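Report on the structure given below.
The values are calculated or read from the model by the stated rules, or taken from the named source; none is laboratory data. Quantities reported herein were computed from a predicted structural model and do not represent experimental measurements. Note that we place each Cβ from the backbone using ideal geometry, even for glycine, and neighbour counts take in every protein chain shown. For accessibility, only protein heavy atoms count, side chains too; no ligands or nucleic acids. Shrake-Rupley method; radii C 1.70, N 1.55, O 1.52, S 1.80 Å.
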Amino acid sequence: MAIDAPATPIDVASIKKDFPILAVEVHGKRLVYLDSAASSQKPTAVLDAMDRYYETTHANVHRGVYTIAEEATRLYEDARKAMARFIGAGSPSEVVFTKNVTEAINLVARSWGGANLHAGDVVVLTEMEHHANLVPWLQLKAERGIELRYLPVGEDGLLDLSDLDRTLAGAKLVAFTAMSNVLGTLTPVRRIADAAHAAGALVLVDGAQYTPATATDVSELGVDFYGVTGHKMLGPTGIGVLWARAELLDAMPPFLGGGEMIRDVRLDGFTTNDVPWKFEAGTPPIAEAVGLEAAVRYLETLGMDAVRAHERHLTAYAIDTLTARYGDDLRVHGPLDADQRGGVLSFAYKDIHPHDLSQVLDESAVCVRAGHHCAKPLMRRLGVGATARASFSIYNDEADVDVLADALADADRLFG
Amino acid sequence: MPGLEDLYREIILDHYRNPRNRGELPVPPAHAETGFNPLCGDEITVYVQVDGDTVTDLRLTGQGCSISQSSASMMSTAVKGRSLEEARAVIRTFKAMMSVHEARLDGDDGGPVEPEVALGDLEALQGVVKFPVRIKCATLSWNTLTQALDSIAAPAS
């Protein structure tokens with residue numbers, strides 16, 4: 001595989017200065033954070049925006065008529081506009097704030113699924129889904145007897161679509177990830193979405209890994225529901241987004257009940273608020289929305305095409321460096337072509353258990369994830385109990401990959 | 001800050017590389033119990049043969065990290081051939097050693113726990129408590145054995 005010249009406009013040395021945590025030392029060594037697929041770090045711009053909000057503007061939203069309450073409401077709704085712009089939504093009213101993608105998918109399963117899925121109805125998933133896109137559907141299978149079908153994962157770590165049309169036949173919903181959190185695989189969203197629509201099914205896409213890594217346009221992707229998690233895209237924890245086409249949201253019953261989501265409540269009933277507030281019961285994560293908007297602006301300034309180019313280059317560099325150095329002792333799970341994957345790299349090193357590997361890497365202040373990555377069916381498909389996973393973001397560079405490569409040699413000392 | 005040598009003691013690595021009592025036992029007469037560590041996906045199956053009051057045989061299958069596998073291996077040698085009462089005492093003593101950290105989190109310093117039995121090689125696993133995330137690795141086989149012994153004591157009707 002050829003490695004591109006690092007002619008991307010991403011200036012990692014400058015970006016690293018924007019992330020205070022990267023100045024932290026662990027065991028007296030520079031922190032090498034390679035777990036952004038689990039949760040990314042936050043730039044000062046995000047942290048400052050949240051502090052400034054709490055220090056100058058905090059009040060509950062959509063309630064008070066006083067100045068700072070109006071300002072808090074404006075900031076919260078501005079964040080919705082920013083997220084709508086960031087993912088190509090037609091209107092901010094199609095953007096529902098949730099806790100994360102997990103809650104976004106549960107919202108669709110409970111609300112849309114509750115109203116539209118009955119015994120025998122078919123939902124199509126894939127073998128590479130995160131538990132967040134498996135368990136809500138397994139719950140509906142247990143509760144009301146829906147049928148689940150799975151698009152298989154091939155030996156190359158790509159979805160096997162050879163039987164796509166037959167799998168989709170009669171389905172009501174196809175729900176899948178745009179980028180595997182284990183294999184890094186980028187899935188052919190548009191192709192599957194078009195086939196699903198031709199079969200009369202709606203399409204839900206888990207964008208937890210995709211949107212932080214790639215320019216996202218939900219209308220170009222051709223999907224009906226799309227979930228994003230803020231804390232994986234430089235934003236704070238506790239906020240994410242469900243995007244859905246307006247007519248779908250309008251027709252869906254509310255998910256959680258409480259304040260904010262109602263128009264009127266009497267002792268014998270209630271009427272619901274307009275979308276998107278119909279789905280936002282209770283006081284929302286306001287400061288988190290403010291932080292998320294700051295994250296969006298930070299990424300927009302860099303440009304998502306530049307972000308993708310950087311992570312593509314770094315992924316290719318990592319695959320080349322690790323395989324050149326360790327040969328058959330190191331096995332990368334998933335596609336080896338960086339064009340087919342994002343910056344998420346699961347690997348096996350000799351027969352050292354990922355837990356032990358991660359423990360040894362920590363001695364070099366290298367943070368990688370070890371485990372099943374909330375994708376146990378995929379682990380079984382790969383024939384492993386767990387993997388070690390390094391994942392990259394804009395603040396990682398080739399030097400970080402080199403530290404990882406060096407640190408792997410230390411594992412031989414104990415386990416070789 | 002604890003170092004790797006606190007965790008990966010030589011006796012631990014020996015049991016990891018050369019696990020004792022690997023394999024299965026016919027069920028019945030043996031009893032089998034499978035335990036999972038939801039954190040990392042490790043799973044272990046403990047086969048226990050109890051005759052009268054004695055744990056006459058104990059075998060292990062499954063996969064996991066060096067800590068979970070060596071802990072299971074050492075457990076098998078510590079428990080095999082013991083009376084049920086002695087086996088329970090070994091489990092209690094080991095779990096007490098592993099719960100030092102959790103006790104501190106509860107604000108209960110408690111002072112040193114008087115060990116009921118000598119743990120021998122198992123004391124090498126004491127270093128695990130300095131790595132709280134790994135305690136569940138070390139206790140996986142022990143919790144599974146406890147479940148197996150409970151099932152034997154009170155068979156499902």
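Annotations
- Helices in chain A that qualify as membrane-span-like (whole DSSP H runs, Cα extent of at least 18 Å along the helix axis, mean Kyte-Doolittle hydropathy of 0.5 or higher) are A:286-302.
- Within-10-Å neighbourhood charge of B:Thr45 [Cβ basis; K, R +1; D, E -1]: -2
- Dimensions of the protein assembly as shown from C-alpha coordinates, computed as largest minus smallest value along each principal axis and given longest first, are 72, 61, 55 Å.
- In this structure, the pairs whose alpha-carbon distance is over 26 Å, taken from A:Lys81/A:Lys232; A:Lys42/A:Lys376; A:Lys376/B:Lys80; A:Lys16/A:Lys232; A:Lys42/A:Lys99; A:Lys172/A:Lys278, are A:Lys42/A:Lys376; A:Lys376/B:Lys80.
- With Cα atoms defining each centre, segment A:252-301 and segment A:108-152 are spaced 25 Å apart in the structure.
- If you look at the Cα atoms of segment B:43-94, you get an Rg and a Dmax of 11.1, 34 Å.
- When +1 charges are put on Lys and Arg Cβ atoms and -1 charges on Asp and Glu Cβ atoms, the dipole computed for segment A:19-154 relative to its Cα centre reaches about 40 debye.
- Taking the centroid of alpha carbons for each part, segment A:377-391 and segment A:153-189 are 17 Å apart.
- The residues of segment A:363-391 listed by number as losing at least 30 Å² of accessible area in the complex, against the isolated chain and with a 1.4 Å probe, are A:Glu363, A:His372, A:Lys376, A:Gly385.
- Of the residues A:Gly113, A:Gly184, A:Gly327, the one that moves most in a GNM of chain A with alpha-carbon contacts below 10 Å is A:Gly327.
- Extent of segment A:338-416 along its three principal axes (Cα atoms, max minus min coordinate, largest first): 32, 32, 18 Å.
- Radius of gyration over Kirkwood radius for segment B:4-152, both on Cα atoms: the Rg/Rh ratio is 0.95.
- Per-residue extension of 0.36 nm, minus the Cα-Cα distance of A:Arg263 and A:Arg74, leaves a gain of 66.0 nm for this segment.
- Where B meets A: accessible area buried, both sides, 1.4 Å probe, Å²: 1600
- Largest to smallest in accessible area, the residues A:Leu378, A:Leu256 fall in the order A:Leu256, A:Leu378 (1.4 Å probe, all protein chains included).
- Shielding of peptide B:38-45 by partners, expressed as the average count of other chain Cβ atoms within 10 Å per residue Cβ, is 5.
- In degrees, nearest ten, helix B:135-153 long axis to first principal axis of chain B (Cα): 30
- Prolate/oblate/rounded label for segment A:47-301 (Cα gyration tensor, a/c 1.5): oblate
- When A:Lys16, A:Lys99 are compared by accessible surface with a 1.4 Å probe, the order from highest to lowest is A:Lys99, A:Lys16.
- Tilt relative to chain B, helix B:84-98 - C-alpha long axis, 0 to 90 degrees, to 10: 20
- Here the simple spin-label model places points 7 Å from the Cα toward Cβ, and for A:Tyr150 and A:Thr283 these points are separated by 4.3 nm.
- For chain A, carbon and sulfur atoms together expose 52% of the accessible surface, with a 1.4 angstrom probe and every protein chain in place.
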